[in-house]
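J.: Below you'll find the structure I mean.
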Amino acid sequence: MRVQSQIADINTPTGVMRTYIHRPVDGKADGEAKFPVILFYSEIFQQTGPIESAAKIMASHGYVVLVPEVFHELNPIGTILGYDDAGRDKGNADKAAKDVQGYDTDNAAMIDFVKQQAWYNGNIGAMGFCIGGHLAFRAALQPEIKGTACFYATDLHALTIPNKPSQHSMERLNDISGEMLMIWGKQDTHIPTAGRVQVHTKMTDANLTFTWHEFNAQHAFMRDGDERYDAQTALLCYQLALNLFSRTL
């Protein structure tokens, strides 16, 4: 399917959140065709070229894909950070500065927005890379989320947030009702083997419905243009996500 793109500025309790919307073009009059929705969460750099391309890949398979600016409270609207030391430092600082509950209000605002759209067919999933993988996991706490694909989700293995009981995503597993797809790189230095084992154990003990895949790949192996990019594995992982969403959405 061909894809059209637009922008929506969504009001949240912590300010306006610019959201990029990529949706299929199917030849019907605008608003007549209805599609399932994927909330798509970026890395700390927000909607870069590789993230936009990934979102459009998913949209071209028949999904409306929303890419929010995950640190909208902390940057001017339209901010895109570079894949360099300065961008990495700023993104990590934003990650540390944003309260985790802000992600919950962001998710609720996006879901409310989606429910008002003529193209919404009643089904919502979530997907994301890196911190976005964690944010997709966080989105799964919302009861409307039926399927979630998390790619090398950072900070899940921390398990708790110091001095903030019950705020870490792993402390709220009982709130997840949809199916989860967890994808990891075994050579990912950001997420140690012991951390992955802890996450798997917690999810198993919580009796979640999930599949788990580990590949011989590094962090950011889905990012086209990065030296760590593994095109063959990335294509396989897109198929895994599409399989999940075709069944759950």
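Matching residues to (1) buried (at least 22 other Cβ atoms within 10 Å of the Cβ); (2) farther than 21 Å from Q239 by Cβ; (3) within 16 Å of the chain's Cα centre (by Cα); (4) modelled with pLDDT under 95:
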{"site": "N121", "(1), (2), (3), (4)": "no, yes, no, no"}
{"site": "A126", "(1), (2), (3), (4)": "yes, no, yes, no"}
{"site": "A140", "(1), (2), (3), (4)": "yes, no, yes, no"}
{"site": "D155", "(1), (2), (3), (4)": "no, yes, yes, yes"}
{"site": "L159", "(1), (2), (3), (4)": "no, yes, no, yes"}
{"site": "K164", "(1), (2), (3), (4)": "no, yes, no, yes"}
{"site": "D175", "(1), (2), (3), (4)": "no, yes, no, no"}
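J.: Which pairs do you get when a residue that is under 15 Å from Q187 (Cβ atoms) and touching a residue at least 60 places away in the same chain (Cβ under 8 Å), found in region 226-249, comes within reach of a residue that is polar (S, T, N, Q) and buried (at least 16 other Cβ atoms within 10 Å of the Cβ), reach meaning Cβ atoms under 7 angstrom, with the pair 6+ apart or on two chains?
T.: Correct list of pairs: empty, since none qualify.
J.: Could you please let me know if D99 is exposed (fewer than 15 other Cβ atoms within 10 Å of the Cβ) and either farther than 27 Å from P36 by Cβ or modelled with pLDDT of 90 or more (or both)?
T.: Spelling it out, D99 is indeed exposed (fewer than 15 other Cβ atoms within 10 Å of the Cβ) and either farther than 27 Å from P36 by Cβ or modelled with pLDDT of 90 or more (or both).
J.: What's the number of the condition G49 fails, among (1) at pLDDT 90 or above; (2) within 23 Å of Y152 (Cα to Cα); (3) of a type outside the set (V, I, T); (4) within 17 Å of the chain's Cα centre (by Cα)?
T.: (1)
J.: Something else about it: Quick one: in region 33-59, which of the residues that are touching a His at 6+ places or on another chain (Cβ under 6 Å) and among the hydrophobic types (A, V, I, L, M, F, W, C) is nearest to N92 (Cα to Cα)?
T.: A55
J.: Identify the residue in region 178-221 that is small (G, A, S) and not in a loop (DSSP other than H, G, I, E, B) and, among all such residues, is surrounded by the most Cβ atoms within 10 Å (Cβ to Cβ).
T.: Among those residues, the one meeting the criterion is G185.
J.: Out of all the residues in region 70-114, which are farther than 14 Å from G15 by Cβ and of a type in the set (S, T, Y)?
T.: Hit for region 70-114 is Y83, nothing else.
The values are calculated or read from the model by the stated rules, or taken from the named source; none is laboratory data. It should be emphasised that the depicted structure is a prediction, and the values quoted were computed from it without experimental measurement. Glycine also receives a Cβ, built like all others from the backbone with ideal geometry; neighbour counts cover every protein chain displayed.
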